[in-house]
Amino acid sequence: MSDKSFTFSHAISRKPSRSSVDGLRAVNVGAPDLARFEQHHADYVAALRSTGAEVTVLDAMEEFPDSVFVEDAALCLQEGAVIMRPGAPTRLGEAREMAPHLETLYSEVVCIEGPGFIEGGDILTTEREILIGLSARTDKAGVDEFIRLVDRWRYAVRVVDTPPDVLHFKTDCSLLDGETILATKRLDRSGCFKGYNVIHTADGEEACANSIRFNNLVIMPAGFPRTRDQLLAAGYEIREIGNSEAAKLDGGMSCLSLRFSPS
Ligand code: CIR
């Protein structure tokens, strides 16, 4: 098994803004506390850097309350980057802001022009394919344009459904290694991971399905001990990061960075 699906030389993240108190959320459980959010973010960046990757931390963008969730703005592949077209109107402008940063690292950066929508949180790249979940933020027109754009790099793309009431496809899953996926039972039940090894989040711990494999580490939100212990028993090296403030805005570990190794 090669390890190209989880070996990364670079990551980009963006500091949380004061305006994050106005970020989108499905259920209002209170505004994030900025100081705590900044501390969690710094811990997250430190975890990425501890693996030897070069991590760029962009300044906060007050005009976009959800801009800390950089994953939704782009998809970074080995050959090039695709600038997304977020389905949330308040997030549309974030994607174009990401382009210049990626252009310094990639020779090819292409953009979804619309009219469709697609957000990075709905895309899971594995060793064998790019899996895209249709969701409230990602529609068929957005996916079709994405498929046309990445055709030049010869990726297999498979389109699946995101369960109702789940924000993004990756809210409910993460890649743990070339052939293993951490997923909620509700998502796995759809059959979309046939042919992969699947580790289920423990009952009641679905919110930790949005973790990331980043080089030697599985970085997961703190507070999910049964799933953590399962992953430790399976041999993964775990780093737990506080996520209470991002979680108030429906964010998790994958949303907070773009991870890539440009060729
Ligand atoms: C949003 O609703 O767009 C943000 N509050 C949360 C985005 C989380 N991103 C992700 O799951 N990739």
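The values are calculated or read from the model by the stated rules, or taken from the named source; none is laboratory data. This one's a predicted model, so the numbers in the text were calculated from it and none came from an experiment. Ideal geometry is used to build each Cβ from the backbone, glycine not excepted, and the neighbour counts take in all protein chains shown.
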- Task: Looking only at region 181-192, decide whether some residue is of a type in the set (Asp, Glu) and at pLDDT below 95.
- Result: no
- Task: Scan region 114-124 and give yes if some residue there is in contact with a Ser or Thr (Cβ under 9 Å, 6 or more places away or on another chain), free of Cβ contacts under 8 Å to residues at least 40 places away in the same chain and β-branched (Val, Ile, Thr), otherwise no.
- Result: yes
- Hey, could you check region 53-75 for residues that are touching a His at 6+ places or on another chain (Cβ under 8 Å) and farther than 16 Å from residue 246 by Cα and say which is farthest from the ligand (Cβ to nearest atom)? 54
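How many residues are part of a loop (DSSP other than H, G, I, E, B) and β-branched (Val, Ile, Thr) if we restrict to region 105-138? Break it down into steps so the answer makes sense when it comes.
Restricting attention to region 105-138, the residues satisfying the condition of being part of a loop (DSSP other than H, G, I, E, B) are 105-108, 112-117, 119, 126-129, 135-138.
Then drop every residue that is not β-branched (Val, Ile, Thr), which leaves 112, 126, 138.
Count: 3.
Restricting attention to region 19-28, and to residues there that are more than 11 Å from the ligand (Cβ to nearest atom) and surrounded by 11 or more Cβ atoms within 10 Å (Cβ to Cβ), which single residue is modelled with the lowest pLDDT?
Filtering region 19-28 for residues more than 11 Å from the ligand (Cβ to nearest atom) gives 19, 21, 27-28.
Cutting the leftovers down to surrounded by 11 or more Cβ atoms within 10 Å (Cβ to Cβ) gives us 19, 21.
Values: 19: 98, 21: 95.
Residue satisfying both the conditions and the ranking: 21.
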- Query: Does residue 36 meet the test of being within 14 Å of residue 68 (Cβ to Cβ), away from the ligand (no atom under 13 Å from the Cβ), at pLDDT 95 or above and loosely packed, with under 13 Cβ neighbours inside 10 Å?
  - Reply: no
- Item | Counted residues, region 132-159 - those being buried (at least 23 other Cβ atoms within 10 Å of the Cβ), over 13 Å from residue 76 (Cα atoms) and out of contact with any helix residue (DSSP H, G or I) (no Cβ under 7 Å at 6 or more places or on another chain) | 1
- Count, please, the residues in region 205-235 that happen to be touching a Lys or Arg at 6+ places or on another chain (Cβ under 8 Å) and away from the ligand (no atom under 16 Å from the Cβ). 3
